[in-house]
Every structure is written in C-alpha cells, then in structure tokens.
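I have placed the structure first, in the form of structure tokens, so that the comments after it can refer back to it.
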Protein chains: 2
Amino acid sequence: MIEWFDDLALGMRFKSAEKRVTREDIKRFASEFDPQPYHLDEAAAERTALKGLAASGWHTAAIAMRLAVDTRPFGPHPLLGLGVDDLRWLAPVRPGDVIRLEGEVVELTPSRTKPQGIVKVKWTAFNQHGDPVYTFTPIGVVPRRPGAAAAG
Amino acid sequence: MIEWFDDLALGMRFKSAEKRVTREDIKRFASEFDPQPYHLDEAAAERTALKGLAASGWHTAAIAMRLAVDTRPFGPHPLLGLGVDDLRWLAPVRPGDVIRLEGEVVELTPSRTKPQGIVKVKWTAFNQHGDPVYTFTPIGVVPRRPGAAAAG
C-alpha cells in the first residue's frame with residue numbers, strides 16, 4: 001500500500017474510474033469559465049476548427065483532476081501541486097464521451113532540506129474509443145516516511 | 001487594433017478585468033472537481049499546509065481562463081490552445097480575494113505550412129494585494145492576415 005514518498009517507485013502505474021461528460025456539463029462549465037462558441041452553441045461550433053461542440057480544455061482539466069484525486073495515488077496524502085508540466089490537449093472531448101485516466105510515476109526527487117519529495121505523475125486521459133484526449137504532469141509534494149529522510 | 005497574428009508583437013501587454021472569488025464559489029468548484037479538505041472545510045483546511053480554506057488550483061486556472069477570454073487578446077479570434085507551458089501556482093487564493101490578470105506576448109512563430117501562427121502569452125494572476133498567485137503560458141493558434149503568409 002502506498003502511504004509515503006518512499007513507497008512510490010518510477011514506472012508505478014495508476015488507473016482511474018470513468019466519468020461521462022454531458023452536453024449540459026459542457027455548457028454549464030463554459031458559460032462560467034470559457035464562454036466561447038465552440039463550447040456553448042452547437043451551430044456556431046460546427047463552423048469552428050473543432051467542427052462541433054466540445055468541452056473547454058479547462059473543463060477537461062478539471063474532470064481529470066477529479067479522476068486523479070479519486071485514484072488516491074499517494075494514499076492518505078492529498079494531491080497538492082506546485083504546478084504542471086507538459087499540459088496538452090490532444091483531441092476534442094465531445095458530449096457523451098466517457099473519460100478515464102492512466103498515470104505513471106515519471107520522476108521522484110527527495111528534498112535535501114525537508115522531510116518530503118517531489119513526485120511527477122504523467123497522467124493521460126482517454127475517451128471511450130481509447131483515443132488520448134489530454135495529458136498533464138503535475139508536480140506533487142508528498143511527505144517522506146518518518147525517519148526515512150534521515151536514513152536516506 | 002489586433003485582428004490577426006500579424007498584428008501581434010513581442011512584448012505586447014494585456015490587462016484583464018477583476019473577479020472576486022467567494023467562499024461559496026470555492027466550495028462549489030471543489031465539491032465537483034477537487035474534493036480535498038483544504039478546498040471544502042475551514043476547520044480541516046486550517047490543519048493543512050495551506051493553513052486555511054483556499055481555491056483549488058484548477059479553479060484558479062478556470063477563473064484565469066475566463067479573465068483571459070474576456071480580455072480578447074486576439075481580437076475577434078478565439079483563444080484556442082494546443083496546451084500550456086509553465087503552469088505554476090504561486091500562492092493560495094482565499095475566500096474574498098479579487099483576482100486580475102496581466103499578459104505579455106513572449107513568443108510568435110508563424111507556421112511554415114498553414115496561414116496561422118503560434119502565439120505564447122505569459123499570463124500572471126495577481127490578488128488584491130498585488131501578490132502573484134498563478135501563472136500560465138498557453139500555446140495559442142491565431143490566423144494570419146489573408147495574404148500575409150504568402151508575402152512573409
């Protein structure tokens with residue numbers, strides 16, 4: 001069971017549950033945070049580069065965060081990040097799409113001064129067809145097992 | 001007036017309107033997308049590294065997107081991004097904070113094959129005390145002025 005920074009290993013993988021994204025979800029998020037035609041109006045969206053209604057990229061990012069949180073990759077410790085590397089939107093998320101995440105530990109750096117370490121997990125979101133739609137690599141901070149920092 | 005990729009210049013700056021973030025906004029966003037104690041419960045949040053209730057970083061990101069959209073840095077053209085570089089959360093966003101954005105064009109790369117260019121704007125969000133709380137550099141795509149690509 002993963003409980004501390006010291007329990008994580010490079011290449012360790014995580015799989016999330018699934019989340020269905022509805023037309024109503026897409027329009028509600030966009031009307032508050034990203035009110036552009038391809039997220040709000042089917043007819044207008046048809047005439048854009050996305051060729052139809054699609055979720056705001058920030059909506060996809062928020063859904064992915066929820067899936068990652070529920071995956072509990074760091075056991076009892078929260079997902080608390082300094083930032084994100086390599087955030088890319090790879091394909092539109094459409095009404096009715098079912099999104100799931102896969103994650104892999106790609107970097108582990110113990111702090112030299114604090115009883116914690118930096119953990120980078122590269123997460124990729126896939127739709128129900130298996131197409132990657134989004135990827136992001138949050139820079140997380142996870143406590144070390146008490147005593148481990150002094151020993152290591 | 002900015003209308004096309006060709007109207008943008010390195011160092012060009014943008015300033016957004018302001019947005020006040022309420023306690024209710026913070027809890028509503030977090031309950032849907034980031035249900036962790038420091039975004040949901042005042043007492044639990046006091047005992048975390050954030051020392052009090054704070055907005056989800058993805059909530060701050062979504063608010064910043066709204067402020068950027070309303071700024072219309074590319075005139076009539078939408079904010080449509082391939083991804084984001086250098087996304088960093090710099091300080092907690094608290095209930096009642098008033099957030100505004102400043103942006104600067106930091107990279108302009110015309111496409112060699114399409115009538116468009118890549119535009120990177122480094123945006124920084126500040127709170128009402130002038131402290132930077134968040135920064136992100138979206139990788140935008142903006143059409144070139146008709147005829148400009150062939151001429152350039």
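The values are calculated or read from the model by the stated rules, or taken from the named source; none is laboratory data. Everything numeric here is computed off the predicted structure, so don't read it as measured data. Cβ atoms come from the backbone with ideal geometry, glycine included; neighbour counts cover every protein chain shown. Side chains are part of the model used for accessible areas, which takes the heavy atoms of the whole protein and leaves out ligands, DNA and RNA. Shrake-Rupley method; radii C 1.70, N 1.55, O 1.52, S 1.80 Å.
In the condition set (1) of a type in the set (A, V, I, L, M); (2) closer than 17 Å to B:TRP58 by Cα; (3) within 13 Å of another protein chain (Cβ to nearest Cβ); (4) within 12 Å of the chain's Cα centre (by Cα), A:VAL121 is compliant with all but (3). Scan the stretch A:113-126 for residues that are open to solvent by 70 Å² or more (accessible area, probe 1.4 Å) and outside any loop (DSSP other than H, G, I, E, B) and jot them down. Within the stretch A:113-126, just A:LYS122 meets the criteria.
I need the strands (runs of 3 or more DSSP E) fully contained in the stretch A:1-112, keeping only those with at least 2 residues that are of a type in the set (A, V, I, L, M), surrounded by 15 or more Cβ atoms within 10 Å (Cβ to Cβ) and within 13 Å of chain B (Cβ to nearest Cβ). Talk me through it step by step, then tell me what you get.
Numbers: elements: A:13-20, A:81-89, A:98-110.
Answer list for the stretch A:1-112: A:81-89.
Just checking, which of B:THR48, B:THR22 is farther than 25 Å from A:THR135 by Cβ, polar (S, T, N, Q) and at pLDDT below 95? It is B:THR48.
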